[in-house]
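K.L.:
Before anything else, here's the structure in question.
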Amino acid sequence: MPELPEVEVIVRELSSRLSGEKIINVRTLWKKSFVPNNQEMPFEHNILSVTRKGKFIILNMDVCYILVHLRMTGQLIVTNSHNYDMRHLRVIFELESGDKLLFYDARKFGRIYLIDNLGKFFSNFGVDALSTEFDISYLKDIFNKRKARIKSFLMDQRYIAGLGNIYIDESLFRAGVHPSTAVHKLSYKKIVQLHGAIRETLEHAIMNMGTTISNYMTTGGGFGNNQYYLRVYGRENESCYTCGTKIMKIRLNNRGTHFCPKCQPVK
């Protein structure tokens, strides 16, 4: 599933292509992809900007918002070609310039929402992991007296929006925190280290255009490069780059979790 870095890369690309554009029509080829699900929806509104909250792409329109959540296999492609691939194509946004914004989704889990109130939609989401609100004090406050395991806690979008399996594993490794550690047991020093590790991990992934393991692609059809720099995720039984110990994989709350048992000791 694309996480915050992949979505941020897509937002930056879409921002340069779509800001100031006008959507003149929307065609829905699979009705559940677009909520509301009109198969042919007349739609003439200007795109003022493209932003992001967590893993959601936000098209800020003149009178509403279009939100895109890519889920497992969603892809957004901008093209001016008339000969685009129809396989797994779910929604077509026709633009006044003649370009098209295409939403592909092989497994059909992705969703596009048309809403008029961002605050209401995101009322149950925590702060974005790259926002100024996500600081050490915020992390310390949400950790206070909570007994959940750190990996599971960071997966919960109600506290921090945008983190997912890949970057949580990588951040915990950078901070030297075992994924099963109870949140309330983290010292202030470890909280500071973890905050820095999360920021560094996300920013490094964005610099590398995201992580392509299976389906993630940029809006021009390119791939990310961050998969070549992962330290623990997907490296089960391979040697840790830091200490040489074999990377382990366990399951926490039904999620595959990678860590180095020496660099991230149980405490």
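K.L.:
Return the aspartates and glutamates within reach of residue 22: Cα separation strictly under 16 angstrom, same-chain partners fewer than 8 residues apart disregarded; answer none if there are no such residues.
P.N.:
44, 62, 94, 96, 99
K.L.:
Could you work out the relative contact order of segment 4-121? I mean the mean sequence separation of Cα pairs under 8 Å and 6+ apart, divided by the number of residues, in percent.
P.N.:
The value is 29 percent.
K.L.:
Next question. In whole Hz, with x marking every Gly and Pro, tabulate ³J(HN,Hα) for segment 70-85 from phi via Karplus 6.51 cos²θ - 1.76 cosθ + 1.60, θ = phi - 60°.
P.N.:
Running phi through 6.51 cos²θ - 1.76 cosθ + 1.60 with θ = phi - 60° gives 6, 6, 6, 10, x, 9, 10, 10, 9, 8, 10, 7, 9, 10, 8, 5 Hz.
K.L.:
Then there is this: Students often forget the sequence filter, so: which aspartates and glutamates lie under 15 Å Cα-Cα from residue 185 once same-chain residues fewer than 8 apart are removed?
P.N.:
Those aspartates and glutamates meeting the cut-off are 141.
K.L.:
Per the helix-only calculation at 222 nm, which mean residue ellipticity applies to the chain, given -39500 (n - 2.57) for every DSSP H run of n ≥ 4 and division by its residues, nearest 500 deg cm²/dmol?
P.N.:
Estimated from H runs of four or more residues: -7000 deg cm²/dmol.
K.L.:
Right, something else. With θ set to phi - 60°, apply the Karplus curve 6.51 cos²θ - 1.76 cosθ + 1.60 along segment 142-159 and write out the HN-Hα couplings as whole Hz, x wherever there is a Gly or Pro.
P.N.:
Karplus values, whole Hz, x for Gly and Pro: 6, 7, 3, 6, 8, 9, 5, 5, 4, 4, 5, 5, 5, 6, 7, 5, 5, 10.
K.L.:
Could you work out the Rg to Rh ratio of segment 4-121, with Rh taken as the Kirkwood radius (inverse of the mean 1/r over all Cα pairs)?
P.N.:
Rg divided by Rh gives 0.92.
K.L.:
Can I ask one more? May I ask you to sort 70, 230 by Cβ crowding, counting other Cβ atoms within 10 Å and putting the fewest first?
P.N.:
Ordered by Cβ neighbours within 10 Å, fewest first: 230, 70.
K.L.:
Give the peptides 256-262, 167-173 in descending order of average Cβ contacts within 10 Å, highest first. Working shown, then result.
P.N.:
Working: 256-262: 19.6, 167-173: 25.9.
Most protected by this proxy first, the peptides run 167-173, 256-262.
K.L.:
Tell me, what is the FRET efficiency for residue 84 and residue 237 to the nearest 0.05, using R0 = 51 angstrom and their Cβ-Cβ distance as r? Working shown, then result.
P.N.:
Working: r = 41 Å, r/R0 = 0.80.
Taking R0 as 51 Å, the efficiency between residue 84 and residue 237 is 0.80.
K.L.:
Shifting gears a bit: Could you name the aspartates and glutamates whose alpha carbon sits less than 16 Å from that of residue 32, not counting residues in the same chain fewer than 8 places away?
P.N.:
40, 105
K.L.:
So which of 53/151; 31/151; 31/100 end up more than 23 Å apart by C-alpha?
P.N.:
31/151
K.L.:
Could you list 61, 207 in order of exposure, starting from the residue whose Cβ has the fewest other Cβ atoms within 10 Å?
P.N.:
Arranged by neighbour count, lowest to highest, 61, 207 become 207, 61.
K.L.:
Let me ask something else. Rounded to the nearest 0.05, what FRET efficiency do residue 145 and residue 45 have when you use their Cβ-Cβ distance and R0 = 35 Å?
P.N.:
0.15
K.L.:
Another question about this same structure. For segment 73-137, what relative contact order do you get, as a whole percent, if you take Cα pairs closer than 8 Å and at least 6 residues apart?
P.N.:
Relative contact order here is 31 percent.
K.L.:
Something else: Find the relative contact order for the chain and round it to a whole percent, using C-alpha pairs within less than 8 Å whose residues are 6+ positions apart.
P.N.:
Worked out over the chain, it gives 18 percent.
K.L.:
Still on this structure, I have one more. Given R₀ = 45 Å, what would the calculated FRET efficiency be for residue 117 paired with residue 189, taking r from the Cβ atoms and rounding to 0.05?
P.N.:
0.65
K.L.:
What is the order of 99, 135, fewest Cβ neighbours within 10 Å to most?
P.N.:
135, 99
K.L.:
Which of the pairs 120/140; 108/189; 108/140; 55/189 have their Cα atoms more than 31 Å apart in this structure? Mind dumping the intermediate values first?
P.N.:
Values: 120/140 26 Å; 108/189 43 Å; 108/140 38 Å; 55/189 28 Å.
Checking Cα-Cα distances, 108/189; 108/140 exceed 31 Å.
Read-outs: derived from the displayed coordinates by stated rules, not from any lab. Given the structure is predicted, the values throughout are model-derived calculations rather than measurements. Note: ideal-geometry Cβ built from the backbone for every residue, glycine included; neighbour counts use all protein chains shown.
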